[in-house]
Amino acid sequence: MGTRSVRHSRASLAGLLAALLVSAGCFVGGVSGPEPGAERPARSADPSVTRADGTTSVAEFADDVAAAQAVAERYWAARFRESGQRFQPIRRITPYQRSGEVSCGGQPLPRNNAVYCSQGDFIAYDVTWSVAAFRQVGDAFVFYLLGHEYAHGIQVRLGIRYDFTIQQELQADCMAGAYLGDSVRSGDLTLEDGDLEEFREGLAAVGDDPDQPWFAEGSHGTAEQRTDSFFRGYEQSLAACDLG
Ligand SMILES: [Zn+2]
């Protein structure tokens, strides 16, 4: 508990993140199947681009996820308390190693993915793939990824269901920004130099392919849209996220 410091990170990471978060499937309100690119092989970890502060082991990655989870739970518990509602944390966060080891609503989760599953109310991630990815990305972005998936659980709790996935996804980016920005402002989370830049670089790298129609199932938004949504939430808190 208390202040959690996100260690400093810096490097170019566009290619890796494209492989990482394009494939971060988000099973909002049901099983929509892995998103385009989910089956694309993750770029293997190249030791020459390992960040000095990047996550280096499964145990360390699990620690970062647990820390991000704790910050998110404190944040959302306080928001729900403020509005007089009871808060139920997301039931569990489950690492997996093999395709099909974890299922969401009867559908086996593929390798190289991270999702929120509304049936069962859990977040699951391929741990081997995640550790390889974040070894290069740096660890601050773990806080973004957890915050984004956690936001999908909050959307379910609030009964928010948009017609298009892009609306659901951009709102989740905004909510992830709000949880991070507000937690920094409250002193619950400390960022270091370069962490904001890491978020910016990361979001710039995970925008949809320009050829993808915005209304397509699985669309998350362009790099610009995702960056705008995240930083709107980061700077202006939840008021910017249209939670109603
Ligand atoms: Zn999502």
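Only one of the numbered conditions (1) away from the ligand (no atom under 12 Å from the Cβ); (2) on the phi < 0 side of the Ramachandran plot is violated by Gly187, and that is (2).
Take the residues of the stretch 137-146 that are more than 10 Å from the ligand (Cβ to nearest atom) and out of contact with any Lys or Arg (no Cβ under 8 Å at 6 or more places or on another chain): which is farthest from Arg200 (Cα to Cα)? Only one residue fits best here, namely Leu146. Screening Gly187 with (1) modelled with pLDDT of 95 or more; (2) in a helix (DSSP H, G or I) gives one miss only, at (2). In the stretch 165-191, the residues that are closer than 17 Å to Ala239 by Cα reach residues that are of a type in the set (Phe, Trp, Tyr) and within 16 Å of the ligand (Cβ to nearest atom) with C-beta atoms within less than 6 angstrom, at least six apart or across chains, in these pairs: Gln168/Tyr162; Asp173/Phe230; Ala176/Tyr144; Gly177/Phe230. Selection of the stretch 126-146 for residues being surrounded by fewer than 24 Cβ atoms within 10 Å (Cβ to Cβ) and of a type in the set (D, E, K, R) yields only Arg135. The conditions of being over 20 Å from Ala114 (Cα atoms) and not β-branched (Val, Ile, Thr) are not met by Gln155. How about the stretch 184-221: which of its residues are over 16 Å from the mean Cα position of the chain (by Cα), open to solvent by less than 70 Å² (accessible area, probe 1.4 Å) and farther than 15 Å from Val137 by Cα? The answer is Val184, Gly187, Asp188, Leu189, Thr190, Leu191, Gln212, Pro213, Ala216. For the stretch 17-28, the criterion of a residue being crowded, with 20+ Cβ neighbours inside 10 Å, over 15 Å from the mean Cα position of the chain (by Cα), at pLDDT below 95 and of a type outside the set (Lys, Arg) is satisfied by no position. All but one of (1) modelled with pLDDT of 95 or more; (2) assigned to a loop (DSSP other than H, G, I, E, B); (3) within 17 Å of Tyr75 (Cα to Cα) hold for Tyr150; which doesn't? Exception for Tyr150: condition (2).
If the condition is being more than 19 Å from the chain's Cα centre (by Cα) and part of a loop (DSSP other than H, G, I, E, B), then the stretch 98-126 contributes Arg98, Ser99, Gly100, Glu101, Gly105, Gly106.
Select from the stretch 147-170 the residues that are open to solvent by 10 Å² or more (accessible area, probe 1.4 Å) and under 24 Å from Ala67 (Cβ atoms) and write down the one among them that is farthest from the ligand (Cβ to nearest atom). Taking the candidates together, the pick is Arg157.
The values are calculated or read from the model by the stated rules, or taken from the named source; none is laboratory data. Everything quoted here is computed from the prediction, not taken from an experiment. Cβ sites come from the backbone with ideal geometry, for glycine too, and all protein chains shown count toward neighbours. What goes into the accessible areas is simple: the full protein's heavy atoms, side chains included, and nothing from ligands, DNA or RNA. Shrake-Rupley method; radii C 1.70, N 1.55, O 1.52, S 1.80 Å.
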